[in-house]
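Before any comments, here is the structure.
Derivation of every value follows stated rules applied to the coordinates shown; laboratory data play no part. Not measured: the values here are computed from a predicted model. Glycine gets a Cβ as well: all are built from the backbone with ideal geometry, and neighbour counts include every protein chain shown.
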Amino acid sequence: MLLRNLSHLFVTLAECLGRVASYLFWASLPNNIQAAKIVSLTTELTAYRGRDVRPRRLTDGARLTFVWLTRRFDVSDIVHVQKDTLARWHRHAFRLFWRWKSRRCGRPSLPKKLRELIRQVIGDNKRIGQRQVADILLRIFNLLVAPRSVAKYRPRRRDPGKGQPVGSWTWLKFVHKRARANAIVACDFFTVVTATFRTLYVFVMMEVGSREIIHYNVTAHPTAEWTAQQFREALSPERNYKTLIHDNGSAFTKEVDEVAEAVGIEVKKTPFHAPKANAYCERLIGTIRRECLDYLIAFGEGHLKLILNEWVDYYNHHRPHRGKHPDGVPRIPKLIGPPPPPALGRHQIAEGYEIEATPILGGLRHRYRLKKVA
């Protein structure tokens with residue numbers, strides 16, 4: 001399509017230049033020769049009109065030539081083109097001119113290899129967001145790409161999902177203003193239905209500051225004794241946690257809270273029907289569902305544990321989260337391995353390295369790393 005438009009443009013310009021050169025040539029001749037040329041052309045045109053010969057459709061080059069001529073003198077008495085037609089050609093020419101003059105320049109396109117990498121990451125990982133792709137490029141490959149640039153090159157195959165609301169101002173003030181995020185632990189239960197329509201309960205605990213999943217387990221009967229045992233395994237005095245947040249579920253009894261208080265942790269219960277008070281854990285549960293359990297069906301308790309083992313390892317060690325940090329670099333909860341080498345530029349990976357993608361969960365997600373070329 002582009003090649004055809006360019007060829008049509010060149011043909012039109014060549015025809016216009018040829019007609020202008022012909023006009024300049026006849027304008028340089030004596031007046032008697034010009035008069036003879038005009039008389040002959042007028043006689044020929046009168047003969048065609050007398051025989052009622054239908055004129056051929058003019059080319060774009062001829063139209064532009066007539067527009068150029070009519071701006072200098074009146075040729076309506078010898079030209080078979082109507083005045084309304086000439087006015088329409090004038091308007092069309094002005095539209096083309098101002099469309100070209102007011103064209104959008106915009107930013108230059110990303111390099112081809114980077115565009116292919118963006119599409120590869122989006123194609124490899126189901127329901128991944130544009131900000132998450134930008135975080136992966138910055139954290140894993142040291143490439144700085146804006147989320148809106150990622151959205152520009154992602155396939156238009158579905159509408160972006162609506163994000164979950166963040167916590168209220170009082171909650172943000174409690175977490176960020178007092179700098180207590182690294183000392184806060186949030187926990188909650190969520191349910192999973194197996195292939196045999198059996199309901200299992202998954203218990204997760206996360207550190208709010210780093211977003212790390214510090215403990216998880218699966219059970220069919222979430223009793224208070226079982227929940228207290230999870231607290232004993234996860235809440236150790238060495239990690240210096242100060243606050244534990246959970247809702248008013250039946251499994252969180254007074255005896256369970258005493259297990260946390262015994263190691264010096266203050267228990268905060270959220271108000272009734274207020275999931276925003278535990279917003280970070282609720283968002284984590286939503287992430288587990290959207291990125292993992294919505295695509296996989298567990299056959300039983302053991303199978304569900306295997307799925308969660310692989311996904312939690314990916315979440316803690318490879319998936320950047322959306323926490324806001326002073327340096328603006330997305331964080332991975334518990335990054336393993338050395339940091340990425342310095343990139344050649346914003347859009348070029350380090351020289352001598354290639355991208356290695358490792359599928360997890362049967363190709364539902366992928367881990368990426370830079371591997372040195374042998």
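Search the structure for amide H atoms under 5 Å from the amide H of L244, placed 1.01 Å from N in the peptide plane, and list their residues when 5 or more places away or on another chain.
V185, E266, V267, K268
At a Förster radius of 51 Å, what calculated FRET efficiency corresponds to the Cβ-Cβ distance of T85 and A350, to the nearest 0.05?
Result of the calculation: an efficiency of 0.25.
Quote to one decimal, in nm, the extra length available between K305 and W100 on full extension: 0.36 nm per residue of separation minus the C-alpha distance between them.
67.7 nm
Given the pairs K126/K371; K242/K334; K126/K334; K152/K334; K113/K372; K276/K305, which are separated by over 26 angstrom at their Cα positions?
Too far apart for the 26 Å limit: K152/K334; K276/K305.
For the range 186-259, which chymotrypsin sites (Phe, Trp or Tyr not before Pro) are in a loop by DSSP, counting at most 14 other Cβ atoms within 10 Å?
Here the sparse-neighbourhood loop sites are F197.
What is the sum of charges, Lys and Arg at +1 and Asp and Glu at -1, for the other residues whose Cβ falls under 15 Å from the Cβ of G302?
0
So if R0 is 22 Å, what FRET efficiency would D294 and F272 give, r being the distance between their Cβ atoms, rounded to the nearest 0.05?
Calculated transfer efficiency: 0.20.
So if the hydrodynamic radius of the range 280-351 is defined as the Kirkwood radius over C-alpha pairs, what does Stokes-Einstein give as its diffusion coefficient at 10 °C and 1.306 mPa s, in µm² per second?
108
When D313, D247 are ordered from fewest to most other Cβ atoms inside 10 Å of their Cβ, what list results?
The most exposed by this proxy come first: D313, D247.
Would you mind classifying the range 169-317 by shape? Square roots of the alpha carbon gyration tensor eigenvalues, ordered a ≥ b ≥ c; an a/c under 1.5 is rounded, otherwise it is prolate if a/b is larger than b/c and oblate if not.
The shape class here is prolate.
Modelling each spin label as a point 7 Å along the Cα-to-Cβ direction, I'd like the A220/V263 distance in nm, to one decimal.
For the pair A220/V263, the computed spacing is 2.9 nm.
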